[in-house]
Amino acid sequence: MQVNTARLSAEINALSLISDAEPPAVTRIVFSERDHEAREWLKSRYREAGLEVREDPVGNTFARWPGASTQLPAIATGSHVDAIPHAGKYDGVVGVLGALEAIRTLQQNGFQPTRSIEIVQFTAEEPTRFGIGCIGSRLMSGTLDAASADALRDKQDQSLHNLRHNSGFSGDLAATRMLPGHYAGFVELHIEQGPFLERDGISIGAVTHIAAPATLRITFEGEGGHAGGRLMPGRRDSFCAAAEAVLAVERAALFTGAIDTVATVGTCEIYPGAVNSIPSRVRIEADIRDIEETRRDEVIAKIKTAVGEISVRRNVAANIQMLNADPPAACAPQIVSTIERVCQTEQISCKRMVSRAYHDSLFMARICPVAMIFIPCRDGVSHRPDEYASPKAIEAGVRVLAGTLSDLAS
Ligand code: GLV
Ligand code: MN
Ligand code: MN
C-alpha cells in the first residue's frame, strides 16, 4: 500500500500552524479560537475525502466512510487535536490525520469496506483546561456523567456547559453516550511518547495495556502578609508547605522502586503572587501513574499522609481533591494480533508494549475492543515543541493502521 506521505506531512505542518504559540511550539486549548479553527480545517479535509461528518454535544467529531453493511457496527479510529501549552505537532494529530490518510490510502487502493470506518476526533483529551483529560471519551463511554461534565470549570471559572455552547456545541451531553457494541472496535495510532521503540530500532509498538492515571489537586491555605513586615517566626506560608508537598510526591514515587511508577507536579498557582507578599494560598496538581493500579494507589496514600503531616506541622490548612483515578485498560488480544499480522505482511518490525501515557483508548476500552499502534518519536520526547516523528515512522504507522482497519472492516 502506497501512503501519500508528502500530503500527510504537509497537513501535519498546516495544522500545527493553527496554534496560540510561536512555531514550532503548538498550543491549542479546547474551546479556544484556535481549537475552533482547527476543527473547521479538519472538517474540510474529511469532506474532501468524501466522509460524512457529524458532531456530538461536546464537540466529539465523527467522519464516516460508509461500509456496504450500514447496519453492522463500525470500526472506529482516531485521536485528539487539542494540545497542551507549548506542545509539539504530533501528539494526537498523527492519530487523526494518520487515520484520514489511512482511509484515503484504502480508497485509492479500491478497498470497499463492509463495516463503516469512522474517524473519531475526541474533545479535550488534554487536561489543560478542566483539570481532567479525555472528557470526550469519558462521556462517550459513560465514565463521566453529563451533569458533572457540564459543571466542570476552567481557571477563569467558566463552565464547560457555557464554553461548549459558545463554541457551537449544544444539546444534552447525555446524547454523547455510546452503548457497548456501538463500535466493533477502536484502533488509535499515536507517537510512543517514550524512548523504547527508538532505542530498540523497532518501527511499531502494538500496545497491550494502558497505564492507570490519577490526578490530585492539593490546595494549601495559610496566612498572607507583608514580606518585610512579617517576621519569620509563626509564619504560615502556604508556598513553603506546597514546596514540601512537591518533594513528598517525588519521594512517594521513588519509594516504590518500580520503574513504572511516575509522579509529577506540573502546575502551581500562588495567591496573591507578588514577590513582596507571603503566599496565602497555593494550588498544585500532581499526576501519578503506574501500570499497576494498587501500587499507584499506595503512592496516592503516601502523598495524602505526607500532606496531612505538612499541614499540621506548618499550621496551614490543606485540601486534597482527587480529580481522577482511573483503572488501567487492557487492549483486545484479537486486534493486537491483527496489528502484528499486518506488520508481518508489510515487513515492518513490531513489538508488544505498554502505554505509559493515557489516551482516549483507555476509556473506549469500556465500550468496545481497542488497540493502539505506537510509532517512535525522537529521543522519546513529547509534550515539548521539539517533539518529532519522522515521515518514515509516520508512514509505517499509517500503513499498519490501514491494514488493520481493512482487516477489521472486511
Ligand atoms: C496524555 O496527554 C497524557 O498526559 O498521558
Ligand atoms: Mn498529550
Ligand atoms: Mn495524545
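Observations on the model:
- Taken as a whole, the structure places residue 103 among residues that are more than 16 Å from ligand 3 (Cβ to nearest atom), open to solvent by less than 10 Å² (accessible area, probe 1.4 Å) and farther than 21 Å from residue 357 by Cβ.
- Residues within region 357-410 that are small (Gly, Ala, Ser) and touching an Asp or Glu at 6+ places or on another chain (Cβ under 7 Å), tallied: 4
- Residue match in region 107-124 (condition: more than 21 Å from residue 33 (Cβ to Cβ) and in a helix (DSSP H, G or I)): yes
- In region 266-281, the residues that are in contact (Cβ under 8 Å) with a residue 24 or more places away in the chain, open to solvent by less than 50 Å² (accessible area, probe 1.4 Å) and part of a strand (DSSP E or B): 277, 278
- Across region 368-381, the number of residues qualifying as open to solvent by 10 Å² or more (accessible area, probe 1.4 Å) and either more than 20 Å from residue 99 (Cα to Cα) or outside any loop (DSSP other than H, G, I, E, B) (or both) comes to 4.
- Test: residue in region 63-83 that is within 16 Å of ligand 1 (Cβ to nearest atom), more than 22 Å from residue 2 (Cα to Cα) and either among the aromatic types (Phe, Trp, Tyr) or in contact with a Leu (Cβ under 8 Å, 6 or more places away or on another chain) (or both): yes
- The listed residue being surrounded by fewer than 23 Cβ atoms within 10 Å (Cβ to Cβ) and either touching a Leu at 6+ places or on another chain (Cβ under 7 Å) or in a helix (DSSP H, G or I) (or both), out of 304, 351: 304
- Entry remark, region 133-159: residues being part of a loop (DSSP other than H, G, I, E, B) and either at pLDDT below 95 or away from ligand 2 (no atom under 14 Å from the Cβ) (or both) number 11 in total.
- Condition met for residue 377 (in contact (Cβ under 8 Å) with a residue 12 or more places away in the chain and more than 16 Å from ligand 3 (Cβ to nearest atom)): no
- Candidate set from region 63-85 (those that are β-branched (Val, Ile, Thr) and modelled with pLDDT of 95 or more); member that is farthest from ligand 2 (Cβ to nearest atom): 75
- Residues located in region 86-106, provided they are in a strand (DSSP E or B) and either away from ligand 2 (no atom under 11 Å from the Cβ) or under 20 Å from residue 392 (Cβ atoms) (or both): 86
- Single match in 358, 388 (criterion: of a type in the set (Ser, Thr, Tyr), in contact with a Cys (Cβ under 9 Å, 6 or more places away or on another chain), within 16 Å of ligand 1 (Cβ to nearest atom) and at pLDDT 95 or above): 358
- Qualifying residue in region 109-129 (condition: more than 16 Å from ligand 3 (Cβ to nearest atom) and charged (D, E, K, R)): yes
- Of all residues in region 117-160, exactly one satisfies the criterion of being within 30 Å of residue 402 (Cα to Cα), surrounded by fewer than 20 Cβ atoms within 10 Å (Cβ to Cβ) and small (Gly, Ala, Ser), namely 142.
- Counting the residues of region 24-55 that are open to solvent by 50 Å² or more (accessible area, probe 1.4 Å), without any contact (Cβ under 8 Å) to a residue 40 or more places away in the chain and either in contact with a Pro (Cβ under 7 Å, 6 or more places away or on another chain) or assigned to a loop (DSSP other than H, G, I, E, B) (or both) gives 1.
- Pairing each residue of region 290-314 that is touching a residue at least 40 places away in the same chain (Cβ under 8 Å) with any residue that is small (Gly, Ala, Ser) and open to solvent by 30 Å² or more (accessible area, probe 1.4 Å), provided the two are 6+ apart or on different chains, yields C-beta distances under 6 Å for 307/318; 311/318.
The values are calculated or read from the model by the stated rules, or taken from the named source; none is laboratory data. All of these numbers come straight from a predicted model, not from anything done at the bench. We place every Cβ from the backbone using ideal geometry, glycine too, and count neighbours over all the protein chains shown. We work out accessible area using only protein heavy atoms, side chains counted, and drop any ligands, DNA or RNA first. Shrake-Rupley method; radii C 1.70, N 1.55, O 1.52, S 1.80 Å.
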